[in-house]
1. For Tyr309, work out the one condition from (1) buried (at least 21 other Cβ atoms within 10 Å of the Cβ); (2) more than 16 Å from the ligand (Cβ to nearest atom); (3) part of a loop (DSSP other than H, G, I, E, B) it doesn't fulfil.
2. Out of (1) open to solvent by 30 Å² or more (accessible area, probe 1.4 Å); (2) at pLDDT below 95; (3) under 31 Å from the mean Cα position of the chain (by Cα), what's the single condition that is false for Thr11?
3. Return yes or no: is Tyr203 farther than 30 Å from Thr97 by Cα, open to solvent by less than 60 Å² (accessible area, probe 1.4 Å) and away from the ligand (no atom under 16 Å from the Cβ)?
4. With respect to Leu585, is the statement that it is surrounded by fewer than 15 Cβ atoms within 10 Å (Cβ to Cβ) and away from the ligand (no atom under 16 Å from the Cβ) true?
5. Only one of (1) under 21 Å from Ala24 (Cβ atoms); (2) more than 16 Å from the ligand (Cβ to nearest atom); (3) touching a residue at least 24 places away in the same chain (Cβ under 8 Å); (4) of a type outside the set (Lys, Arg) fails for Ile526. Which number is that?
6. Out of the range 477-509, which residues are away from the ligand (no atom under 16 Å from the Cβ) and aliphatic (A, V, I, L, M)?
7. Before we move on, is Glu351 away from the ligand (no atom under 16 Å from the Cβ) and on the phi < 0 side of the Ramachandran plot?
8. In the range 275-291, how many residues are open to solvent by less than 10 Å² (accessible area, probe 1.4 Å), in a loop (DSSP other than H, G, I, E, B) and in contact with a Pro (Cβ under 8 Å, 6 or more places away or on another chain)?
Amino acid sequence: MRDKNLLREDTDRVDGFDKVTGRAKYFAEYELPGLTYGVLVPATITKGVITGIDSKAAERAPGVLAVVSHLNRPVVAGYEPGKDQGVPNSSLKIFYTDQVAYNGQPIAMVVADTYERAVYAASLVKGIYTKEAFETDFEKNLDKAKWPKNAAAASYSRGTVDAYKTAEVQIASEYILPIETHNPMELHGIIANWHTADRITVYAKTQGVKATQGTIASTFKIPLTNVQVNSEFVGGGFGMALRTWPLEIAAVIAAKHVSKPVKLVITRDQMFTMAGHRPHAFQKVGLGATKDGQLTGITHEAFGHTATYEDFTENVVSMSKFMYNSANVNTSYKLVPLNVGVPIWMRGPGEATGAFALESAMDEMAHSLNMDPIDFRVKNYTETDPEKNRPYSSKNLKEAYQMGAEKIGWSKRNNTPGTNKDGNWLVGYGMSTGVFNASRGRASAKGILKSDGTLLLQSAASDIGPGTGTGMVQIAHEVLGIPVSQITFELGDSSFPTAPSQGGSATLSTVGSAVSDVCNALKNKIAELATGVGLPVSAKFQEVLQKTNLPSVEVTLESKGGEEQKKYSMYSFSIHFVQVKVNPLTGVVKVSKIVSVGDSGRIVSPKTARSQMVGGAVGGVGMALTEEAVIDHRFGRYVNNNFADYHVPVNADIPEIEVVFVNKPDPYINPMGAKGMGEIALIGFSAAVANAVFNATGKRIRTLPITPDKILA
Ligand code: MOS
């Protein structure tokens, strides 16, 4: 059990010192002997055929080793001719054919002895094309929407379809989210270093070293163990590093071609076209209720865009199926293929998109009913999952509503919009609910207890910032009672025991369970050894190892969930409260106070948990007020593909953020009783802001971001 003397409630990040002092090494900071530099050449048309690549000037430029393209690349064993879907997680095969599917698609890579020379030479490469007609305009092409290939996930209903249409009180609204790009500080890329024809080491930016290992191995048809992936530190992921992109495969191909290690770091503008984005979304929500506020029907239809060459799907409508108590629910989800790079999960992914629509609609309905938005949600609260007909493993949302309402000062909210003022500013309060699947997957870990009193843990997990190592060390501490300073957790190395990618808020639950199991097994081993040499089972492990003359004991095991996953619906919940101030003359919206409440089981690591919620709130302010990637549909090109024009929140945009946790263990999910937190930090947040803006002004903004022009319109 937790020893209060050993564990400070605010245990620091184990990698905090390395990160703030610059000692933490990110992929691009590795230097290898003979390292060369790759720069990608993007297509300048939006659809068509490459009829030639004029690379003569580039090849003559100083320091250039090669210009690699589909015309001269080495054989890639996984590129089977005529098969377009051959490579898992990399459906757009880089340098494969003469086809251009979108503007910015890499068509060639220049490799040179310095980065600057590669940049210059890349500017000399000219693609020659035959252009074809293209479509990048999502809203114009909604009528071309199709069911995704995974049609089962696309359509759902229980009870009566469109029951809202016959309800006593009805609302039906349309919501639009723009394309958003992840924009972590760290740019994407890879260093590829072939040792032999079938053995390679890469330094990667990835949310999953095992996933990267798998994609490279299958692309080049080499054994998994011949691919070593290192990714100890990641400078922000947000979902975009959940797959190995064509750009990474391009560097691996180029390294093979020049027989030297190649470093590729893409540019900020290429981050908009080569490493995914949140898809543009159009949603229709219909809600029906009785006059006293009981929901009688929920209809949620969603459309997202995808690439022409690959379906990207996400769970946009899932929340509408189980969040509230309604006998009648129907949902659908369709895709509009466009000439853009394929989208990818981004920050809370589709659930965050869907929650904006559902939680805005819930606010609209509460207003129509003249009910308090919290009272309306509590009225439609459900203790069992109405989609799967199972109890929740744990759900303390009513308590969470209370905690948040008190902290934000909800009693100061006036249910009539536009009536609360602070000088020249209109003041509004809004709230919303967030929910995300709380999962526990399969993971392995190794633990080595050493006679010097330390514990070393290893697992091929990743950390994109949430503080994985810190959480793991605290879990090990709780099981073994060893001071946290004596425990090391190593990750980001594909040779370590297998762990899943860091995504879907599952790492603490999944890898943490493996760490917990490993530590319990070590404890039993030490007790056995102690008994063997006549020591009490409670003897300190250092003493046991000394008496048995062992330098260390080691355990590696795999851990996974069991039947409980079928008996219970497991979700993490959040409530976001915001206070906004809106200037009615300029339309400026300032978020003036944020309270985020997490109901995610027991909090293992208070400091990093708080930091997750703060990060999600900051991302939420961006999603609500500023973020929008804009394509000029005449050319199929992004016009704001830089940090000057794509606006993410800065310090001045962020008020003090209060984070509170219900902090009650989930009895079923895993040994720690802890549920995931990454996604719930963001999911729902943008609706809380939109709802607060409505409360302040009486204007319902249903198209994100909520910019001044929309307030004034
Ligand atoms: Mo996340 S969008 O699961 O990295």
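The values are calculated or read from the model by the stated rules, or taken from the named source; none is laboratory data. What you are looking at is a predicted structure, and each value in this text was computed from that prediction instead of being measured. Cβ coordinates were reconstructed from backbone atoms using ideal geometry, including for glycine residues, and neighbour counts include every protein chain displayed. Accessible surface is based on the protein model in full, side chains and every heavy atom, while ligands, DNA and RNA are left aside. Shrake-Rupley method; radii C 1.70, N 1.55, O 1.52, S 1.80 Å.
1. (1) is the only condition that Tyr309 fails.
2. With respect to (1) open to solvent by 30 Å² or more (accessible area, probe 1.4 Å); (2) at pLDDT below 95; (3) under 31 Å from the mean Cα position of the chain (by Cα), Thr11 is out only on (1).
3. Values: farther than 30 Å from Thr97 by Cα: no; open to solvent by less than 60 Å² (accessible area, probe 1.4 Å): yes; away from the ligand (no atom under 16 Å from the Cβ): yes.
So Tyr203 does not fit the description; no.
4. Working: surrounded by fewer than 15 Cβ atoms within 10 Å (Cβ to Cβ): yes; away from the ligand (no atom under 16 Å from the Cβ): yes.
In short, yes.
5. (1)
6. Pass one, the range 477-509, residues away from the ligand (no atom under 16 Å from the Cβ): 477-490, 493-498.
Selection gives Val479, Leu480, Ile482, Val484, Ile487.
7. Working: away from the ligand (no atom under 16 Å from the Cβ): no; on the phi < 0 side of the Ramachandran plot: yes.
Against the criterion (away from the ligand (no atom under 16 Å from the Cβ) and on the phi < 0 side of the Ramachandran plot), Glu351 does not qualify.
8. So in the range 275-291, the residues open to solvent by less than 10 Å² (accessible area, probe 1.4 Å) come out as 275-279, 281, 283, 285-289.
With the extra rule that they be in a loop (DSSP other than H, G, I, E, B), the set shrinks to 275-277, 279.
The next check asks that each one be in contact with a Pro (Cβ under 8 Å, 6 or more places away or on another chain); those that pass are 276-277, 279.
Total satisfying the criteria: 3.
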